[in-house]
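So the structure is just underneath, and the comments pick up after that.
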Amino acid sequence: MTEEISIIITISLIIFTSPLIAKLLRLPTITVEIMLGAIAVYFSFIVEHAILHLVAELGFLYLMFLAGLEVDLKKLVNISPSMLKKSLLYNVILFSLSTLIAVYFDLSNLFIAVLPLISIGLLATLKKEYGDVEWIRLAIVVGLIGEIVSIFALTTVSAVLEFGINYEFYKTMILFTAFLISMIFIYKLFHNLIWWYPEIKTYLMPEKDNQEQDIRMSMAIFFLMITVMMYLHLEVAFGAFIAGTFITTFFEGHNKQLPSKLEHFGFGWLVPIFFISVGASFEIEAIFHDGLFVKALLITAAMIIIRLIASTLFIKDIGLNKFYMLGLSHSMPLTLLIAVTTLAYNNHSITQEYYYAFILAAILEVLLVMIAIRILSNYINLNDRN
């Protein structure tokens, strides 16, 4: 059996069985996909292959696109000034504590950008399991701000890793700023255009659509933004993220099913390949290397602790018995953590040992936090009944 056939069969089986195994073990499907990917490469069912790498990279970009779908700029504009200030202060505290940890323990500057990362992707899983409760609603609002800050951090880190602090870096950041300003201009222009001519939405996305025009247009915007970022030599993942925010901001109200359709399309086959490839890049034997598990555990503890400290800002908003749920819910930046550490490893900014430690920490965070949230949620429900 050739390598290509072995890879296709293995990936197909993992994509099909991972939700079933995840349901059985009560774990997020993403975690199971990573673990099965590591097991598959251990038994040589998956090997290094250019096509697999290409599809996995596309899966990652689509994942960032889906992350952008969580950000509705209209809702962000309507956030109260006090909540916006608290959300920004929340991020300031996270980055400040990360800086203290990095300086005190003489760690790489990469830790300053990595430890505060926030990704709200898994909050959707929590919302499905625990419902639209108060602490989840607040976690999503604060997390939206945090994810945008994290995306900026991802772009900056990517530029630093690729160019260093030199002329090319400053050129990249100037281009990045110019790109953001142009996006604001396009947003205003399109907003006014559809206000005067609302039929544009119906033309682009017909209500009776037999040709899947909404998916086609979404994919066109997705690839167009990727192309623009490639041309400008900016972080491509940010372009995918912006494409997602554009779709949600302007078309979710017109086509409420679109985000769900795009999620099903991505999580059904494309995104899992990225997580399987992440697992395939991890050597199971590395867990038994001296100090690796301890490093991963310390990274996990640091990321959880700084969020619990920062979440004390919201005690008045959700109470003394729930504020820590917000901090815990932000302690699973699985996608962005893997993205940043993969970039750092590919640019030789961290050793393979630290790369493995971060991947293992990403998995441990999900496992420990999910268990903690389940236990504490039962405790909160019990107190509420009494």
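The values are calculated or read from the model by the stated rules, or taken from the named source; none is laboratory data. Keep in mind the model is a prediction, meaning the values are calculated, not measured. Here Cβ is always computed from backbone atoms with ideal geometry, including for glycine, and neighbour counts include all displayed protein chains. Protein only, heavy atoms only, side chains kept; ligands, DNA and RNA dropped before computing areas. Shrake-Rupley method; radii C 1.70, N 1.55, O 1.52, S 1.80 Å.
The table that follows gives values for the structure above.
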| quantity | calculated |
| --- | --- |
| Verdict on T351 being within 20 Å of the chain's Cα centre (by Cα), open to solvent by 20 Å² or more (accessible area, probe 1.4 Å) and not charged (D, E, K, R) | no |
| From D106, D72, residue being of a type in the set (D, E, K, R) and open to solvent by less than 40 Å² (accessible area, probe 1.4 Å) | D72 |
| Test: residue in the stretch 183-200 that is of a type in the set (V, I, T), under 22 Å from I145 (Cα atoms) and open to solvent by less than 40 Å² (accessible area, probe 1.4 Å) | no |
| Residue among N91, N109 that is under 23 Å from L297 (Cβ atoms), touching a helix residue (DSSP H, G or I) at 6+ places or on another chain (Cβ under 7 Å) and of a type outside the set (G, A, S) | N109 |
| In the stretch 16-35, the residues that are assigned to a helix (DSSP H, G or I) and open to solvent by less than 40 Å² (accessible area, probe 1.4 Å) | S18, A22, I30, T31, V32, E33, I34 |
| Among (1) open to solvent by less than 40 Å² (accessible area, probe 1.4 Å); (2) closer than 28 Å to I51 by Cα - the single one T245 does not satisfy | (2) |
| Total residues in the stretch 22-72, condition of a type in the set (S, T, Y) and under 17 Å from L126 (Cα atoms) | 2 |
| Complete set of residues in the stretch 141-179 that are open to solvent by 20 Å² or more (accessible area, probe 1.4 Å), more than 20 Å from V340 (Cα to Cα) and in contact (Cβ under 8 Å) with a residue 40 or more places away in the chain | V141, L175 |
| Condition broken by I118, with the remaining ones in (1) open to solvent by less than 50 Å² (accessible area, probe 1.4 Å); (2) assigned to a helix (DSSP H, G or I) satisfied | (2) |
| Residues of the stretch 325-353 classified as part of a helix (DSSP H, G or I), in contact with a Ser or Thr (Cβ under 6 Å, 6 or more places away or on another chain) and under 21 Å from I140 (Cβ atoms), total | 4 |
| Number of the condition not met by M64 [criteria: (1) part of a helix (DSSP H, G or I); (2) open to solvent by less than 70 Å² (accessible area, probe 1.4 Å); (3) over 20 Å from L343 (Cα atoms); (4) modelled with pLDDT under 85] | (3) |
| Some residue of the stretch 211-225 being closer than 25 Å to E263 by Cα, open to solvent by 40 Å² or more (accessible area, probe 1.4 Å) and of a type in the set (D, E) | yes |
| Residue check for F293: touching a helix residue (DSSP H, G or I) at 6+ places or on another chain (Cβ under 8 Å), among the aromatic types (F, W, Y) and in contact (Cβ under 8 Å) with a residue 60 or more places away in the chain | yes |
| Exclusive hit being modelled with pLDDT under 80 and either open to solvent by 40 Å² or more (accessible area, probe 1.4 Å) or out of contact with any helix residue (DSSP H, G or I) (no Cβ under 6 Å at 6 or more places or on another chain) (or both), set E252, E263, E235 | E252 |
| Subset tally (residues that are open to solvent by less than 40 Å² (accessible area, probe 1.4 Å), modelled with pLDDT under 90, of a type outside the set (A, V, I, L, M) and part of a helix (DSSP H, G or I)) for the stretch 269-317 | 5 |
| So G131, is it under 24 Å from M332 (Cβ atoms) and open to solvent by less than 50 Å² (accessible area, probe 1.4 Å) | yes |
